[in-house]
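Okay, so here's the structure we're looking at.
The values are calculated or read from the model by the stated rules, or taken from the named source; none is laboratory data. What you see is a predicted model; the values in this text were computed from it and never measured. Note: ideal-geometry Cβ built from the backbone for every residue, glycine included; neighbour counts use all protein chains shown. Note: areas computed on protein heavy atoms with side chains; ligands, DNA, RNA excluded. Shrake-Rupley method; radii C 1.70, N 1.55, O 1.52, S 1.80 Å.
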Amino acid sequence: MPDSLLRRIDHPGELRQLDRRELPRLAAELREFLVESVSRTGGHLASNLGAVELTIALHYVFNTPDDRLVWDVGHQSYAHKILTGRREAMATLRQHGGIAGFPKREESPYDTFGTGHSSTSISAALGMAVAAKRAGLARRAVAIIGDGALTGGMAFEALNNAGASDANILVILNDNEMSISPNVGALTNYLARLLSSRFYTEVRRRGGEVLKAMPPIREFARRAEEHFKGMVMPGTLFEEFGFNYVGPIDGHDLDVLIDTLSNIRRLEGPQFLHVVTKKGQGYKLAEDDPCLYHGVARFNPRQGVAAKGAALRTYTQVFGDWLCDMAEQDPRLVAITPAMREGSGMVAFSERFPDRFFDVGIAEQHALTFAAGLACEGLKPVVAIYSTFLQRAYDQLIHDIALQNLPVMLAIDRAGLVGADGPTHAGAFDLSFLRCIPNLTLFTPADEDECRQMLYTAYLLNSPAAVRYPRGAGQGVPERRQMQALPVGKGEVRRHGSRIALLAFGSMLAPALTAGEALDATVANMRFVKPLDDDLVRELAQCHDLLVTLEENVIQGGAGSAVLESLQKQGIVKRVLQLGLPDRFVEHGDPAQLLAECGLDVAGVVAAVQKHTRAIYSGIELAYTVNS
Ligand SMILES: Cc1ncc(C[n+]2csc(CCOP(=O)(O)OP(=O)(O)O)c2C)c(N)n1
Ligand SMILES: CC(=O)[C@@H](O)[C@H](O)COP(=O)(O)O
Ligand SMILES: [Mg+2]
């Protein structure tokens with residue numbers, strides 16, 4: 001067995017020492033390592049398998065990290081991490097204290113830009129290219145963006161800007177015809193036409209010969225223009241944007257990639273390389289089902305991912321079932337996802353109600369205003385969206401939906417900490433950025449049944465509404481099939497105690513009930529952040545020494561702040577302890593461990609309350625103590 005090439009590479013300089021004839025073997029070793037490693041840690045797999053040759057070729061041709069690589073979304077950057085000194089650290093992938101699942105500046109100089117949310121790479125790379133030009137540096141900046149990420153509007157804002165510049169930016173479109181689900185939209189159809197163009201089929205038929213026959217670089221652009229004009233769609237969209245377009249080329253052919261990248265690297269101005277890959281390449285199970293193998297938990301690589309049902313139902317499943325039940329009752333219901341059909345639990349709905357299901361691509365801003373348009377015409381749109389991705393569409397929520405008081409309902413999944421995906425994906429802020437919006441009703445269900453009933457209640461409203469629920473399993477509370485509207489803005493006392501009242505929002509009710517037993521505290525399930533149950537706040541303040549608010553959201557501006565404002569509005573002076581996520585980004589890791597780290601597990605809540613009450617009852621005046 002020849003010694004492992006992969007084990008000889010601790011940085012790209014060593015990669016660049018290899019004879020290019022050794023690179024296919026390196027690719028095979030890298031692919032095998034990826035399957036083995038990710039099967040042990042979990043993470044993103046299919047996208048990484050599809051980017052193996054492209055990653056090798058990029059680090060082989062470009063002088064990284066001086067030449068900048070920016071990976072869009074960054075979920076496909078494991079090969080990049082492995083080749084840049086983190087091969088052994090892959091065993092710690094997405095674990096507490098381990099390496100992140102996305103590029104991260106503080107993790108490596110080769111991670112030139114932190115990503116996680118899609119469609120940012122061209123903007124960032126353009127910034128780097130313009131900075132290099134201004135400094136008179138020959139440095140190149142490369143954005144590697146998938147066909148899914150290219151459906152994000154921000155990518156086109158950047159293309160528009162870059163194409164009119166003289167920046168030395170290279171945009172590489174990694175086209176595998178997949179987002180998480182199969183890619184959607186007119187752009188996808190257009191790219192498919194490019195792939196079916198005579199040029200690409202010619203290159204595929206004759207291998208890399210067509211490209212290798214290309215003249216030396218200075219002739220490259222001119223003769224490519226002449227020689228292939230008839231083969232490629234006349235004036236591709238990207239040329240219209242001011243880029244020199246090259247491709248489509250085979251993204252798994254290292255020779256073609258290296259020759260093409262070497263040629264392009266020496267060209268000046270905005271370049272666009274269209275690369276065709278297969279998501280899941282080289283691991284048949286992932287090739288056959290790139291959607292299932294997009295993000296995986298630990299699995300046996302010989303047997304593949306086991307589609308096992310979890311012991312408890314997830315909030316995502318609660319939503320997906322409610323959506324179908326509601327659609328049966330109301331033909332006006334239409335459902336929208338910005339490219340997260342599977343993650344949002346909408347597969348069944350999309351199959352049962354295909355003409356009422358809209359996957360708009362990675363386009364959260366469009367998703368919300370599209371919903372607003374649908375609502376203007378009497379339909380009842382439900383937008384399923386992760387909390388973190390909703391951040392992209394904040395102005396659309398305010399300007400297009402709330403200001404016009406349109407009945408659009410947001411089903412906000414992944415609210416709170418998400419765990420392995422880390423701070424780029426945490427839904428840590430939605431209570432703060434939503435509760436300040438006029439006309440919006442904001443629900444925080446505490447269990448699966450309450451989630452179903454709140455989704456129903458929110459849907460019945462004739463105004464904007466948002467129901468936010470966490471990633472993963474609920475509390476094992478069976479959902480009543482019969483949907484029943486809840487009194488809006490009303491919470492409930494779940495346990496009577498003395499002196500201390502715990503005011504829990506959403507996922508924090510469960511730990512609050514357990515902590516309440518230990519503290520003999522009253523526990524209230526507040527249910528709504530907006531409108532807040534002011535009467536309940538007043539009643540609790542009147543018969544307790546201390547109010548403790550608990551939320552899986554940053555303390556700043558969150559539900560606890562709403563309680564403070566309520567007390568102030570009612571002229572009530574009362575000690576309040578606010579418990580929630582701290583004013584920092586919480587790193588990736590196991591969700592339960594992260595919550596404990598933030599003091600939001602039972603032990604943390606009990607300790608914080610006891611510390612606070614000791615201070616009070618020992619006379620030390622502590623008006624407010626927040627969980628730092
Ligand atoms: C703003 C935003 N919305 C949604 C997502 C979720 N997401 C992660 S990867 C992905 C699909 C990306 O497709 P593509 O760019 O083609 O990469 P591929 O997985 O095909 O390599 C989506 C929708 C995200 N990361 N960011
Ligand atoms: C890379 C990306 O943004 C998505 O794949 C995301 O990781 C999905 O998150 P869930 O696993 O919570 O659906
Ligand atoms: Mg893709």
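Each listed q (0.10, 0.17, 0.21 Å⁻¹) maps to a log10 I(q)/I(0) for region 17-153 from the Debye sum over equal C-alpha point scatterers, namely -0.32, -0.93, -1.33. Each part reduced to its alpha carbon centroid, region 444-484 and region 555-609 end up 22 Å apart.
Give me the net charge of Gly152's neighbourhood, meaning all other residues with Cβ under 13 Å from the Cβ of Gly152; Lys, Arg count +1, Asp, Glu -1. Net local charge, Gly152 excluded: -3. Computed from Cα positions, the angle between helix 23-41 and the longest principal axis of the chain comes to roughly 10 degrees.
Taking every eigenvalue of the Cα gyration tensor of region 10-88, multiplying by 5 and rooting it, what semi-axes result, largest first, whole Å?
The answer is 19, 15, 11 Å, longest axis first.
Each of Val347, Phe357, Trp322 was placed along the dipole of region 321-387 (beta-carbon charges, centred on the mean Cα), and the one lying farthest toward the positive end is Phe357.
Between the C-alpha center of region 108-185 and that of region 1-33 there is a gap of 27 Å. When DSSP assigns beta bridges and you keep just the ones with both residues in region 262-384, what percent turn out antiparallel, to the nearest 5? Among the beta bridges of region 262-384, antiparallel pairing accounts for roughly 10 percent. Looking at the chain, what % of its DSSP beta bridges pair antiparallel, to the nearest 5? Of the beta bridges lying entirely in the chain, close to 15 percent run antiparallel.
The Cα-based radius of gyration and maximum Cα-Cα distance (Dmax) for region 509-581 are 11.6, 32 Å.
If the segment from Ala311 to Ala615 were pulled out straight at 0.36 nm per residue, it would be longer than the present Cα-Cα gap by 105.2 nm. Rounded, prolate or oblate: which one fits region 456-498, using the alpha carbon gyration tensor with axes a ≥ b ≥ c (rounded when a/c is under 1.5, else prolate when a/b beats b/c, else oblate)? Oblate shape, in that a/c is at least 1.5 and b/c is the bigger or equal ratio. With R₀ fixed at 41 Å, the C-beta to C-beta distance from Asp449 to Asp288 puts the FRET efficiency at about 0.65.
Treating region 469-628 as a set of equal point scatterers at the Cα positions, no solvent, please give the Debye-formula log₁₀ I(q)/I(0) at q = 0.08, 0.10, 0.18, 0.21 Å⁻¹. Scattering profile of region 469-628, log10 relative to I(0): -0.22, -0.35, -1.13, -1.52. Phi angles across region 449-460 convert, under the Karplus curve 6.51 cos²θ - 1.76 cosθ + 1.60 with θ = phi - 60°, into 3J(HN,Hα) values of 5, 5, 5, 4, 5, 6, 4, 5, 4, 5, 5, 6 Hz, Gly and Pro given as x. Charged side chains reduced to their Cβ positions (Lys and Arg at +1, Asp and Glu at -1) give region 270-392 a dipole of some 480 debye around its Cα centre. Projecting the Cα atoms of Leu406, Leu54, Leu540 onto the dipole axis of the chain, where Lys and Arg carry +1 and Asp and Glu carry -1 at the beta carbon, places Leu54 farthest toward the positive end.
Determine the share of region 323-408's accessible area contributed by carbon and sulfur atoms, expressed in whole percent, with a 1.4 angstrom probe. The nonpolar share, carbon plus sulfur, comes to 55 percent. The mean sequence separation of alpha-carbon pairs under 8 Å and at least six residues apart, normalised by the residue count of the chain, gives a relative contact order of 11 percent.
Surface calculation, 1.4 Å probe, protein heavy atoms: Arg614 sits at approximately 150 Å² accessible.
Just check the chain against the gyration tensor rule for me: Cα atoms, a ≥ b ≥ c as the square roots of the eigenvalues, rounded for a/c under 1.5, and otherwise prolate or oblate depending on whether a/b exceeds b/c.
prolate
The Cα trace of region 308-368 gives Rg and Dmax of 12.0, 36 Å, the first to one decimal, the second as a whole number. Just the number, please: percent antiparallel of the DSSP beta bridges in region 473-591, rounded to the nearest 5. Antiparallel bridges make up about 15 percent of those DSSP assigns within region 473-591.
Only the Cβ atoms of Lys and Arg (+1) and of Asp and Glu (-1) were treated as charged; on that basis the dipole of region 490-570 about its Cα centre amounts to roughly 100 debye.
The distance separating the Cα centre of region 400-434 from that of region 352-391 comes to 14 Å.
Farthest toward the positive end of the dipole of region 507-628, out of Pro511, Gly557, Gln593, is the Cα of Gly557, where the dipole comes from beta carbon charges about the Cα centre. Straight Cα distances below 18 angstrom link Lys611 to the aspartates and glutamates Glu517, Asp520, Asp545, Glu597, Asp601, Glu621, with same-chain residues fewer than 8 positions distant left out. With contributions of -39500 (n - 2.57) from each DSSP H run of at least four residues, the per-residue ellipticity at 222 nm computed over the chain stands at -10500 deg cm²/dmol. In a simple Cβ point-charge model (Lys, Arg +1; Asp, Glu -1; nothing else charged), region 1-58 has a dipole of about 60 debye relative to its Cα centre.
Most tightly packed first, judged by the mean number of other beta-carbon atoms within 10 Å of their residues, the peptides 4-15, 495-506 read 495-506, 4-15. When the surface is traced with a 1.4 Å probe over the full set of protein chains, Thr41 keeps roughly 20 Å² accessible. Taking all protein chains as they are arranged and a probe of 1.4 Å, the heavy atoms of Glu88 leave approximately 120 Å² accessible to solvent.
What relative contact order, as a whole-number percentage, does region 1-152 give when Cα pairs under 8 Å and 6 or more residues apart are counted?
On the way: 216 pairs, mean separation 37.5, N = 152.
Rounded, it is 25 percent for region 1-152.
Here the contact order of region 281-434, divided by its residue count and restricted to Cα pairs under 8 Å and six or more residues apart, works out to 18 percent.
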